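K.L.:
Structure provided below as structure tokens; questions to follow.
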Amino acid sequence: HAKRIGKSNYQFYSESMHNKIPGNIELESLLRKAIKQNEFSLYYQPQIDPVTNDIYGAEALIRWENKELGLISPGEFIPLAEESGLIVPIGEWVMDEACRQNKEWQDKGYKPFRISINLSLRQFYQSDLVKKLEQVITKYQLDPQYLELEITESMAMDANTASTILHDLKKIGVHIAMDDFGTGYSSLNNLKKFPIDHLKIDQSFIRDMTTDADDRDIVSTIIMLAHNLNMKTIAEGVETKEQAEFLHSIKCDALQGYYYCRPLPAKDFLDYLTEHS
Ligand code: C2E
Ligand code: MG
Ligand code: MG
Ligand code: MG
């Protein structure tokens, strides 16, 4: 099963996973039930401003916990949810829950910060995406600047359509991040055209940065490019002190990774907030 789950996720999730992973058809029907039975939750991973060490923002990451299967990684079920269309109701739940949670923390008196959610391809191209977002923001009376939507380069393949959608999203006041930057094929022309607030530098570049001079150069160049185009940068997968210090020295705006904190369930994230404010 290691092959199906993907090498990087395997170690992390295997402990809580039972031996038999069902085939896609069964998984899809379990996924359908999961929506009705509320088996999803959001974990939150902080992003840190390396200058002040304050919380810069947080990324919401979905988790699925099924009684029989245990904890199932998004790497395993998001592609299937995308294929089957189930990602649409799941994505709407993510949107709602992230906004609800953020508002709850703000109401408790914590200093407001932005929460980002990951959009899937199908969600991004849903014609009522903007309307749905507006409804959720209104429902919770959330200041839209505290919500960020993460898209990937491959979702923006149809550059003209993507540009229109992104501009419509910006009009309602949410922020946009380009996730896994550097692994896809963004043209510089798109970067210039799209209203992007954050480039998230893919973790593959961060991983080898301290041993590979090319990766160091790539990361510094991405940061300079972003700043020249008036965007900010977030490094993903920061695992060591050296990586954090190097990224700080080359003016990366925010750092996210196990070095600071793993993704945490809401309850534990609140403890983290209490300790860090
Ligand atoms: P992503 O958006 O690029 O999220 C970052 C992934 O890196 C997360 O994996 C996170 O747990 C992991 N990570 C964070 N820090 C480190 C680190 O220091 N080292 C390493 N090796 N990994 C780190 P996760 O939570 O398993 O999510 C995987 C992917 O699933 C996400 O990649 C995203 O593409 C997708 N995903 C997660 N939640 C959602 C969601 O609500 N909706 C959609 N459509 N996709 C989601
Ligand atoms: Mg992401
Ligand atoms: Mg990413
Ligand atoms: Mg990724």
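The values are calculated or read from the model by the stated rules, or taken from the named source; none is laboratory data. Keep in mind that what you see is a predicted model, and the values were worked out from it rather than measured. All Cβ positions, even for glycine, are placed from backbone atoms using ideal geometry, and neighbour counts span all protein chains on display.
K.L.:
Filter region 227-264 for residues that are small (G, A, S), more than 16 Å from ligand 4 (Cβ to nearest atom) and under 16 Å from the mean Cα position of the chain (by Cα) and give the result.
P.N.:
Listed by number, the list holds a single entry, A254.
K.L.:
Turning to a different aspect of this structure: Output the residues belonging to region 114-169 that are touching a Phe, Trp or Tyr at 6+ places or on another chain (Cβ under 8 Å) and β-branched (V, I, T).
P.N.:
Result: I115, I151, T161, I165.
K.L.:
Listed residues S204, S186; which is free of Cβ contacts under 8 Å to residues at least 40 places away in the same chain, surrounded by 13 or more Cβ atoms within 10 Å (Cβ to Cβ), among the polar types (S, T, N, Q) and under 21 Å from F124 (Cβ atoms)?
P.N.:
S186
K.L.:
Only residues that are closer than 18 Å to G173 by Cβ, of a type in the set (S, T, N, Q) and within 16 Å of ligand 4 (Cβ to nearest atom): list them for region 79-119, please.
P.N.:
Within region 79-119, S116 is the sole residue that qualifies.
K.L.:
Report yes if some residue within region 139-148 is more than 16 Å from ligand 2 (Cβ to nearest atom), among the aromatic types (F, W, Y), buried (at least 19 other Cβ atoms within 10 Å of the Cβ) and within 20 Å of Q47 (Cα to Cα); otherwise report no.
P.N.:
Looking through region 139-148, at least one residue is more than 16 Å from ligand 2 (Cβ to nearest atom), among the aromatic types (F, W, Y), buried (at least 19 other Cβ atoms within 10 Å of the Cβ) and within 20 Å of Q47 (Cα to Cα).
K.L.:
Surrounded by 13 or more Cβ atoms within 10 Å (Cβ to Cβ), at pLDDT 95 or above and within 16 Å of ligand 3 (Cβ to nearest atom): does that describe I172?
P.N.:
No.
K.L.:
Which of the following residues is hydrophobic (A, V, I, L, M, F, W, C) and more than 16 Å from ligand 3 (Cβ to nearest atom): A226, A235, A213, A177?
P.N.:
After ruling out the rest, the residue left standing is A213.
K.L.:
Between a residue in region 219-238 that is farther than 19 Å from E150 by Cα and without any contact (Cβ under 8 Å) to a residue 40 or more places away in the chain and any residue that is within 16 Å of ligand 4 (Cβ to nearest atom) and in a helix (DSSP H, G or I), which pairs come within a Cβ distance under 6 Å, given they are 6 or more apart or on different chains?
P.N.:
Close Cβ pairs satisfying both conditions: V219/F205.
K.L.:
Still on this model: Which residue, of R216, R122, is basic (K, R) and within 15 Å of ligand 1 (Cβ to nearest atom)?
P.N.:
Going through R216, R122 in turn, just one is basic (K, R) and within 15 Å of ligand 1 (Cβ to nearest atom): R122.
A quick yes/no check of all residues on (1) surrounded by 15 or more Cβ atoms within 10 Å (Cβ to Cβ); (2) at pLDDT below 90; (3) more than 26 Å from Y110 (Cβ to Cβ):
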site: K3; (1), (2), (3): no, yes, yes
site: H18; (1), (2), (3): no, yes, yes
site: P22; (1), (2), (3): no, yes, yes
site: E26; (1), (2), (3): no, yes, yes
site: A34; (1), (2), (3): yes, no, yes
site: P50; (1), (2), (3): yes, no, no
site: G57; (1), (2), (3): yes, no, no
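K.L.:
Just one of (1) more than 16 Å from K36 (Cα to Cα); (2) more than 16 Å from ligand 2 (Cβ to nearest atom); (3) at pLDDT 95 or above trips up I115, so point out which.
P.N.:
(2)
K.L.:
Next up: Restricting region 33-73 to residues that are among the aliphatic types (A, V, I, L, M) and assigned to a loop (DSSP other than H, G, I, E, B), which is nearest to G237 (Cα to Cα)?
P.N.:
Taking the candidates together, the pick is V51.
K.L.:
Under 6 Å between Cβ atoms, at least 6 apart or on separate chains: pull out the pairs that start in region 150-176 with a residue that is under 26 Å from A235 (Cβ atoms) and end on any residue that is crowded, with 21+ Cβ neighbours inside 10 Å and of a type in the set (S, T, Y).
P.N.:
Pairs that qualify, where the first residue is under 26 Å from A235 (Cβ atoms) and the partner is crowded, with 21+ Cβ neighbours inside 10 Å and of a type in the set (S, T, Y), are E150/S116.
K.L.:
Of all helices (runs of 4 or more DSSP H) completely enclosed by region 213-277, which ones contain at least 2 residues that are closer than 30 Å to E97 by Cα?
P.N.:
By residue number, 266-275.
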